[in-house]
There are 2 protein chains.
Amino acid sequence: MMNPPELDQIAAELTRASRILVLTHIHPDGDALGSQLALGMVLRGLGKEVCMYGETEVSHLYDFLPGAGEIAVELPELGKFDCAIALDCGDANRLGREMTALLTIKPFLVVDHHAGHQDFGDRRWVDPHRASTGEMVYDLAVALGGEISQEAAYCLYTAIVADTGSFKYSSTTAETFRVARELVLKGVKPSDVAGKLFDNYSLARLRLFQRVLEGLSLHSSGRIAMISAPNRFFAETGAAPQDTEGFIDYPRSLTSVKVAAFLKEAEVGKVSVSLRSKGADCNVAKVAAIFGGGGHRNAAGFKRLDTTIEQLSGELLRALEPLVEKC
Amino acid sequence: MMNPPELDQIAAELTRASRILVLTHIHPDGDALGSQLALGMVLRGLGKEVCMYGETEVSHLYDFLPGAGEIAVELPELGKFDCAIALDCGDANRLGREMTALLTIKPFLVVDHHAGHQDFGDRRWVDPHRASTGEMVYDLAVALGGEISQEAAYCLYTAIVADTGSFKYSSTTAETFRVARELVLKGVKPSDVAGKLFDNYSLARLRLFQRVLEGLSLHSSGRIAMISAPNRFFAETGAAPQDTEGFIDYPRSLTSVKVAAFLKEAEVGKVSVSLRSKGADCNVAKVAAIFGGGGHRNAAGFKRLDTTIEQLSGELLRALEPLVEKC
């Protein structure tokens with residue numbers, strides 16, 4: 001199999017560099033963190049001086065990842081780096097509030113798989129047909145001739161599983177399975193990773209889940225399902241805002257549902273919305289864009305300040321109704 | 001990669017035969033049905049006369065499988081077959097009430113992956129290290145030189161996903177991913193299969209799920225989680241007894257839980273119990289055996305007549321407590 005030329009160019013730049021800053025997007029998910037940590041390990045194995053930075057603290061959901069504690073939340077001295085690489089960032093804003101300073105590092109490399117990627121940086125390998133950035137980082141590590149340790153393999157496997165919902169999303173391809181197989185051959189135990197990602201929940205989270213499910217509502221002849229977590233639910237159950245990860249898969253699993261929406265009020269007046277859809281015709285990224293958000297065709301989201309769940313759900317429904325009529 | 005000699009022998013027997021009866025276990029799950037249907041298609045493609053038989057009607061959960069309607073529930077005239085093959089049967093009793101008659105067909109071949117498989121039939125390929133019988137049937141189809149159509153690939157992929165919980169269970173290996181990749185290259189869309197297996201639920205099922213979760217209880221310092229569905233829950237929610245598939249994954253997902261038990265009263269006085277555990281040290285098949293049941297190390301079950309959920313849950317707890325002390 002031939003490498004795409006963009007991949008080889010990125011590998012060549014990394015090979016030339018000595019002091020590399022490895023970045024990912026703010027509020028990093030499993031794919032972002034797994035990719036960042038694995039590439040950091042591989043580059044260190046090649047003798048590079050590596051710094052991993054991200055302004056958002058690693059969520060407790062992902063603190064099982066080896067090396068998660070080594071990601072700097074304080075901006076390092078940027079002058080010393082002769083290369084930066086941003087992983088899984090769909091656009092420059094996803095680098096966070098230090099975006100402008102970070103982009104002064106040259107060359108600035110980008111590896112990403114988001115559809116609708118907005119170009120930034122000096123060299124880019126962007127492939128929206130890949131299911132996860134983790135898959136791409138695996139190929140990058142091979143192109144670099146780097147050693148993929150069992151720990152790095154574990155991070156990359158986590159990245160893949162997190163971004164494909166354990167090989168369930170439509171993004172999953174033969175390439176995904178090719179890389180998953182290689183990573184298992186390097187010693188990853190699939191059930192270990194699945195256990196950490198999916199079987200590691202608190203009773204408080206389960207009680208919150210029950211509360212959220214009770215409020216499920218269906219609209220547009222059952223094609224839209226909506227769930228919500230008002231701020232008081234967190235206090236009442238003792239669950240944390242991150243504990244809602246995966247809740248939206250449940251309304252999405254209903255036969256009639258084309259679009260599932262989850263409105264979460266982690267802080268009073270501040271509502272974040274996750275959207276999930278089924279099939280190629282039901283692009284929720286377009287609806288998220290109306291509200292200033294973004295994402296993938298079947299998984300997108302946005303945030304709103306100074307609003308309530310009641311207010312926003314009405315607005316959102318009006319935006320979703322024309323979409324599901326075509327699904 | 002070398003084929004195991006048992007596989008080549010099974011392939012040779014099938015090649016010799018002209019009229020083949022393809023069997024699987026009673027109350028067939030996704031692995032059983034996917035394997036049965038796919039092997040039937042492959043053998044027909046090789047010019048064999050094939051009959052697929054199973055005494056239990058195909059559950060509505062699996063009726064999306066291509067060819068599911070062709071499986072005979074009436075016992076065919078057995079004299080005409082010059083070969084039978086049983087897929088995914090851990091022991092002869094799993095063939096159902098016609099076991100004795102079925103076993104008169106010679107040669108009687110067996111392909112299975114159950115740990116603790118009890119030998120029966122004339123030739124066997126049994127490999128408990130394989131995650132699903134579907135994986136093994138893929139290798140058998142290749143050994144036969146048969147064509148794996150897109151429909152057959154779909155059945156085999158379903159078998160694999162069903163028996164690994166979408167690549168989450170500890171049985172998942174590099175071999176599993178090798179076969180999954182081959183099947184995707186044959187045109188299977190992973191999200192289609194995942195959608196059919198996991199995103200195809202009724203609102204009645206969701207309401208039942210809520211009711212069941214409300215009754216969740218924890219024991220042995222949170223190491224045992226128990227849920228139950230008394231018969232009246234089905235009437236009250238309109239859900240069917242098969243709709244509980246997957247419910248047990250939820251209590252199993254709690255951090256503290258080593259063993260999850262689900263007691264279901266599909267008919268009044270008749271309670272079936274599913275057990276799930278985490279890790280190599282926590283063998284629930286042993287506990288199931290005490291109650292006359294069986295299964296795998298981390299997934300087992302049994303049935304009881306003339307009992308109540310209250311009565312059985314006490315007995316079961318006493319059997320589980322010593323187990324989780326060692327986990």
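The values are calculated or read from the model by the stated rules, or taken from the named source; none is laboratory data. This one's a predicted model, so the numbers in the text were calculated from it and none came from an experiment. Every residue, glycine as well, gets a Cβ built from its backbone with ideal geometry; the counts of neighbours run over all protein chains shown.
So that you can scan it fast, the table gives a plain yes or no per residue for (1) in contact (Cβ under 8 Å) with a residue 40 or more places away in the chain; (2) touching a Lys or Arg at 6+ places or on another chain (Cβ under 6 Å); (3) crowded, with 22+ Cβ neighbours inside 10 Å; (4) of a type in the set (Asp, Glu):
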residue: B:261; (1), (2), (3), (4): yes, no, yes, no
residue: B:276; (1), (2), (3), (4): no, yes, yes, no
residue: B:282; (1), (2), (3), (4): yes, yes, no, no
residue: B:311; (1), (2), (3), (4): no, no, no, no
residue: B:314; (1), (2), (3), (4): no, no, no, no
residue: B:320; (1), (2), (3), (4): yes, no, yes, no
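If you check A:203, A:213 for being at the interface with chain B (Cβ under 8 Å from one of its Cβ atoms), surrounded by fewer than 18 Cβ atoms within 10 Å (Cβ to Cβ) and among the aliphatic types (A, V, I, L, M), only one passes: A:213. Can you go through A:137, A:111 and tell me which one is part of a strand (DSSP E or B), buried (at least 21 other Cβ atoms within 10 Å of the Cβ) and touching a residue at least 24 places away in the same chain (Cβ under 8 Å)? Only one candidate qualifies: A:111. Screening the candidates A:234, A:247 for the property of being more than 8 Å from every other protein chain (Cβ to nearest Cβ) and over 27 Å from residue B:191 (Cα atoms) yields one hit, A:234. What do you reckon, is residue A:225 buried (at least 20 other Cβ atoms within 10 Å of the Cβ), assigned to a helix (DSSP H, G or I) and either out of contact with any Ser or Thr (no Cβ under 8 Å at 6 or more places or on another chain) or not assigned by TED's automatic domain parsing to the domain that holds residue A:117 (or both)? It is false that residue A:225 is buried (at least 20 other Cβ atoms within 10 Å of the Cβ), assigned to a helix (DSSP H, G or I) and either out of contact with any Ser or Thr (no Cβ under 8 Å at 6 or more places or on another chain) or not assigned by TED's automatic domain parsing to the domain that holds residue A:117 (or both). Select from region A:183-198 the residues that are crowded, with 19+ Cβ neighbours inside 10 Å and at the interface with another protein chain (Cβ under 8 Å from one of its Cβ atoms) and write down the one among them that is farthest from residue A:153 (Cα to Cα). That would be A:198. For region B:167-182, a residue qualifies if it is crowded, with 24+ Cβ neighbours inside 10 Å and at pLDDT 95 or above, and the qualifying residues are B:167, B:172, B:176, B:177, B:179, B:180.
Candidates are the residues of region A:31-53 that are more than 14 Å from residue A:20 (Cα to Cα) and among the small types (Gly, Ala, Ser); the one that is surrounded by the fewest Cβ atoms within 10 Å (Cβ to Cβ) is A:32. Among what's in region A:167-182 and is without any contact (Cβ under 8 Å) to a residue 60 or more places away in the chain and among the hydroxyl-bearing types (Ser, Thr, Tyr), pick the residue that is nearest to the other protein chains (Cβ to nearest Cβ). Applying the filter and picking the extreme gives A:172. Could you tell me whether residue B:159 is touching a helix residue (DSSP H, G or I) at 6+ places or on another chain (Cβ under 7 Å), within 13 Å of chain A (Cβ to nearest Cβ) and crowded, with 24+ Cβ neighbours inside 10 Å? No, not satisfied. Among the residues of region A:53-86, those identified as among the aromatic types (Phe, Trp, Tyr) and either within 20 Å of residue A:153 (Cα to Cα) or at pLDDT below 95 (or both) are A:62, A:64. Within region B:98-112, can one find any residue that is of a type in the set (D, E, K, R) and either more than 19 Å from the chain's Cα centre (by Cα) or more than 18 Å from residue B:294 (Cβ to Cβ) (or both)? There is at least one residue in region B:98-112 that is of a type in the set (D, E, K, R) and either more than 19 Å from the chain's Cα centre (by Cα) or more than 18 Å from residue B:294 (Cβ to Cβ) (or both).
Scanning region A:75-101 for residues that are touching a Phe, Trp or Tyr at 6+ places or on another chain (Cβ under 8 Å) and surrounded by fewer than 21 Cβ atoms within 10 Å (Cβ to Cβ) gives A:75, A:76, A:91, A:92. Given the criteria touching a Gly at 6+ places or on another chain (Cβ under 7 Å), outside the structural domain of residue A:58 (by TED's automatic domain parsing) and assigned to a helix (DSSP H, G or I), does residue A:285 qualify? Considered against the rule, which asks whether it is touching a Gly at 6+ places or on another chain (Cβ under 7 Å), outside the structural domain of residue A:58 (by TED's automatic domain parsing) and assigned to a helix (DSSP H, G or I), residue A:285 comes out as yes. Considering region A:290-305, the residues that are more than 20 Å from residue A:244 (Cα to Cα) and touching a strand residue (DSSP E or B) at 6+ places or on another chain (Cβ under 8 Å) include one that is surrounded by the fewest Cβ atoms within 10 Å (Cβ to Cβ), namely A:292. Test residue B:21 against the criterion of being under 21 Å from residue B:81 (Cα atoms), in a helix (DSSP H, G or I) and either modelled with pLDDT of 95 or more or outside the structural domain of residue B:100 (by TED's automatic domain parsing) (or both), and give yes or no. No. With respect to the conditions (1) over 24 Å from residue B:245 (Cα atoms); (2) polar (S, T, N, Q); (3) surrounded by fewer than 16 Cβ atoms within 10 Å (Cβ to Cβ), residue B:56 falls short on a single one, namely (1).
If the condition is being polar (S, T, N, Q) and closer than 16 Å to residue A:231 by Cα, then region A:242-273 contributes A:242, A:244, A:272.
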